[in-house]
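For reference, the structure discussed in these notes is given below.
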Amino acid sequence: MTPPGATVEGLATDVRLPAGRGPFPAVLLRTPYDRVRHRAEASGWARRGFAAVVQDVRGRFASPGRWRPYEDEAADGAAAARWIRRQPWSDGRLVAAGASYAAHCALVLALDAPEDARPDAVLAAVPALGAAETAREPSGVERLLARAGWWAAHGDRSDSDEGALDKALAADPSLLDHLPLTGLPERLGRDLPSWADLWRHRERGRLVSRAAHAAVPLLAVGGLHDPFADDTTALWRAWAGPSARLLMGPWGHGLTAAPGPGAGPAHRVNLGELYAGWARRALAGE
């Protein structure tokens, strides 16, 4: 593993290598939720023969700069992909992987980055495709509670406070009852300069339309009770790469960690084993 505080193009990055001499195929996961929380996941990939690279996105946790959600990830991901392929432990093959916002990072690397930086396969779980898709239902109705919770916890800050909205609602139960919607930061007592801009995004479907030009295999994973279930299936249907696989189950946004109604013993899938098996086959052209 790289020493704590290692950087790739200025961004905090950890690397977990498998046992043996290598070189190895690599998995890249870029996250706004603290790379340290993904160490067990990285170890799981390494045990299965992959070099696991986990990076804090720009402006989050140990990575410096300003975080602009959904705006900088293709360029920063491309820099990470090129760095990986230059390492002596890399065999040049790369899977971009992630869940939720990290799935967005993986997808824009495959669809928007220059060709020399694109991964050889993409694993996108419960994908938050973009600002517009997260802000509103397909009908156009605002996802106010979910977005207020996410922005209060993570928006316009380098760290996270998962309970920020709950604490604010306990202090003011009518917090979300007021108009205009863009006045929420003032009522929260926190500066959220990107909050108002979120509601100006209405261009749903940009990545789904770009999927028609995809050139690598995709594994899309979703939950029937996940708010982004329709986006997951739309991405899978539109994907034009050599292979597109879809796994759906009776799960919420946390997948097997968040079983929903109808989930039973058969739905306790070992996702780590499944992901690694798919990645091996995808990189082998199978």
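The values are calculated or read from the model by the stated rules, or taken from the named source; none is laboratory data. None of the values given here were measured: they were computed from a predicted structure. Note that we place each Cβ from the backbone using ideal geometry, even for glycine, and neighbour counts take in every protein chain shown. Surface accessibility is based on the protein's heavy atoms, side chains included, excluding ligands, DNA and RNA. Shrake-Rupley method; radii C 1.70, N 1.55, O 1.52, S 1.80 Å.
For this structure, a couple of remarks:
- Antiparallel bridges, percent of DSSP beta bridges restricted to the chain (to nearest 5): 25 percent
- Heavy-atom accessible surface of segment 1-66: percent carbon and sulfur, 1.4 Å: 53 percent
- In order along segment 237-245, the phi-based Karplus estimate (6.51 cos²θ - 1.76 cosθ + 1.60, θ = phi - 60°) of 3J(HN,Hα) comes to 5, 7, 5, 9, x, x, 8, 9, 10 Hz; Gly and Pro are listed as x.
- Percentage of interatomic Cα-Cα distances in segment 52-178 larger than 19 Å: 56 percent
- Approximate shape of segment 5-52 as ellipsoid semi-axes (Cα gyration tensor, √5λ), whole Å, largest first: 19, 13, 8
- Unit Cα scatterers, Debye sum, segment 214-286: log10 I(q)/I(0) for q = 0.16, 0.22, 0.26 Å⁻¹: -0.60, -0.98, -1.15
- Distance (nanometres) between label positions extended 7 Å along Cα→Cβ at HIS267 and GLU137: 2.1 nm
- For segment 208-275, averaging the sequence separation of C-alpha pairs within contact (under 8 Å, six or more residues apart) and dividing by the residue count gives a relative contact order of 31 percent.
- A 1.4 Å probe run over the protein chains yields, for segment 1-97, 42 Å² of accessible area per residue, whole-number rounding.
- Quotient of the Cα radius of gyration of segment 1-108 and 2.2 N^0.38 Å, N being its number of residues: 0.96.
- Restricted to Cα atoms, segment 90-133 shows a radius of gyration and a Dmax of 10.6, 37 angstrom.
- For the chain, with +1 on Lys and Arg beta carbons and -1 on Asp and Glu, the positive-most of ALA19, PRO261, GLN55 along the dipole: ALA19
- With both labels modelled 7 Å from their Cα along Cα-to-Cβ, the THR233 to ARG47 distance reads 3.4 nm.
- Using only alpha-carbon positions in segment 162-286, the gyration tensor eigenvalues give semi-axes of 36, 22, 12 Å once each is multiplied by 5 and square-rooted (largest first).
- The fraction of all Cα pairs in segment 173-246 landing in successive 5 Å bins from 0 to the largest distance is 3, 14, 16, 14, 11, 12, 12, 9, 7, 2, 0, given as whole percents.
- The largest accessible area among HIS178, HIS104 belongs to the first residue in HIS178, HIS104, and the rest follow in falling order (1.4 Å probe, all chains).
- GLU9 versus ARG82: modelled label distance in nm, points set 7 Å from Cα along the beta carbon direction: 0.7 nm
- In the chain, the calculated helix contribution to ellipticity at 222 nm averages -9000 deg cm²/dmol per residue, counting -39,500 (n - 2.57) for every DSSP H run with n ≥ 4.
- Size descriptors for segment 115-185, from the alpha-carbon set: Rg then Dmax equal 15.9, 51 Å.
- Descending semi-axes in Å of segment 75-148, equivalent ellipsoid built from Cα gyration tensor: 30, 10, 9
- Rg to Rh quotient for the chain, alpha carbon positions, Kirkwood Rh: 0.97
- Accessible surface of segment 223-286, 1.4 Å probe, proportion on carbon and sulfur as whole %: 54 percent
- GLU115-HIS201 FRET efficiency (beta carbon distance; Förster radius 22 Å; 0.05 resolution): 0.20
- FRET E, pair LYS167, GLU286, Förster distance 51 Å, beta-carbon r, rounded to 0.05: 0.55
- Pairwise centroid distance, computed over Cα atoms, of segment 95-121 with segment 256-285, Å: 20 Å
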